[in-house]
Amino acid sequence: MKYYLGIDGGGTKTTAVVSDEKGNILLKATGKTINFYSVGMSTAKENLRFVIDEIYSSLGQIEFDGAFIGCSALDNEAEECVINDLCGGVINAKKIGMNSDAFVALNACDGELPCVAICGTGSMAIGKTENGEIKVKGGWGHIIGDEGSAYSIAANALRGCCIITDMNKSYPLTEEAKKFFGVDDFRKAINIIYSENTTKDVLASFAQVVGALADNDDFVSKTVIQNEAHGFSKTVLMLLLEMKKCTGLYLYGGVFENSKFFNKVFTEDIKEVYPDLKIEFLKLSAAEGAVKVARKL
């Protein structure tokens with residue numbers, strides 16, 4: 001039997017699937033992020049090793065006929081040295097390829113000219129044109145971009161908590177923030193937020209709290225979510241403008257999955273310009289998209 005490995009390395013977690021030559025999924029494993037910009041190459045490699053060792057413990061020390069990795073640290077195809085730094089001594093495969101997590105999500109799509117809007121820990125939009133060219137918008141990272149991402153939602157919500165606290169006010173958002181960080185005064189959260197132990201993905205997870213509050217009609221949280229959805233829709237509209245003949249827009253990532261209000265605002269923005277465009281969630285996971293690419297290596 002031939003084995004193929006596909007990996008979706010997002011900003012928060014890594015998901016790997018193994019398939020046979022016919023595309024049947026044999027195994028799935030999950031672990032921590034392999035985004036080497038966020039956690040460093042050494043930690044990313046150890047996180048990858050944990051996932052791969054879980055696979056080897058089930059299937060034995062097999063050699064993959066092809067392996068493909070989507071990594072949120074990348075914007076395009078990885079250079080050979082980067083692949084070796086991350087995968088060397090970890091993945092035993094005849095051929096290994098590596099590109100962005102958005103790229104593997106794109107390969108999980110239906111249709112000939114799809115676009116994918118990704119809102120996870122980070123955000124990005126990607127599409128494939130008639131001549132096979134890959135177009136990318138957004139994906140600038142949490143410091144200078146990533147509107148609509150979980151990190152951006154969390155950061156802006158926490159800024160709102162700072163203003164509310166300075167006004168000596170209390171709103172549902174600040175109360176939930178205190179619960180999230182385990183403090184009785186939001187100012188005490190400063191030491192936790194800026195601690196080296198509070199990683200990017202930990203802060204990004206606060207976006208789920210904000211999304212839930214927005215879905216329950218909390219005004220402050222709805223304002224944050226609305227602004228983020230508007231910001232990301234502009235990114236996606238720039239992509240659609242260049243694509244011209246997009247056959248469908250596919251949504252992927254935790255923000256879309258966890259916030260109905262975000263979906264509503266985002267979809268309304270897109271439909272206002274492209275009323276007939278099909279918008280739906282990906283039917284396959286990005287990891288399954290990665291394994292589809294691995295079978296073609």
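When the chain is treated as a Gaussian network with alpha carbon springs shorter than 10 Å, the biggest mean-square fluctuation among 229, 105, 44 belongs to 44.
Count the DSSP beta bridges whose two residues both fall in the chain, then state the antiparallel fraction as a percent rounded to the nearest 5.
Bridges in the chain that DSSP calls antiparallel: roughly 55 percent.
Shown for the chain are the DSSP H helices of 27 Å or more along their axis, judged by Cα atoms, with a mean Kyte-Doolittle hydropathy of at least -0.5: 219-243. Put in order of Cβ neighbour count within 10 Å, fewest first, the listed residues 171, 151 become 171, 151. Applying both filters, DSSP loop and at most 13 other Cβ atoms within 10 Å, to the trypsin sites (Lys or Arg not before Pro) of the range 1-91 gives 22.
Every helix of 4 or more DSSP H residues in the chain counts as -39500 (n - 2.57), and over all residues that averages to -14000 deg cm²/dmol at 222 nm. Sorting 252, 37, 194 by the number of Cβ atoms found within 10 Å of their own Cβ, with the fewest placed first, yields 194, 37, 252.
Residue 209 sits among other residues whose Cβ lies under 9 Å from its own Cβ, and their net charge, with Lys and Arg +1 and Asp and Glu -1, is 0.
Taking every alpha-carbon pair under 8 Å whose residues sit at least 6 apart, the chain reaches a relative contact order of 23 percent. Considering only 223, 235, 121, the mean-square fluctuation computed in a Gaussian network model of the chain, springs between alpha carbons under 10 angstrom, is largest for 223.
May I ask you to sort 20, 65 by Cβ crowding, counting other Cβ atoms within 10 Å and putting the fewest first?
20, 65
Beta bridges per DSSP, both residues in the range 109-281: antiparallel share near 55 percent. Looking at the range 40-100, the GluC sites (Glu not before Pro) that sit in a DSSP loop and have at most 16 other Cβ atoms within 10 Å of their own Cβ are 63, 77, 79.
State to the nearest 20 debye the size of the charge dipole of the range 109-281 about its Cα centre, where the only charges are +1 on K and R beta carbons and -1 on D and E beta carbons.
The calculated dipole for the range 109-281 is roughly 220 debye.
Where [x] 1.03; [y] 1.06; [z] 1.00 are the candidate values, the label of the one calculated here for Rg/Rh (Cα atoms, Kirkwood Rh) is [z].
Sequence-distant contacts, meaning Cα pairs under 8 Å at least 6 residues apart, place the relative contact order of the range 1-51 at 30 percent.
Where the only charges are on Cβ atoms (+1 Lys, Arg; -1 Asp, Glu), what is the dipole of the chain about its Cα centre, to the nearest 20 debye?
In total the dipole reaches around 160 debye.
Read-outs: derived from the displayed coordinates by stated rules, not from any lab. Predicted model, so just to flag it, every value in this text is computed and none were measured. Positions of Cβ are generated from backbone atoms using ideal geometry, with glycine treated the same way; all protein chains shown enter the neighbour counts.
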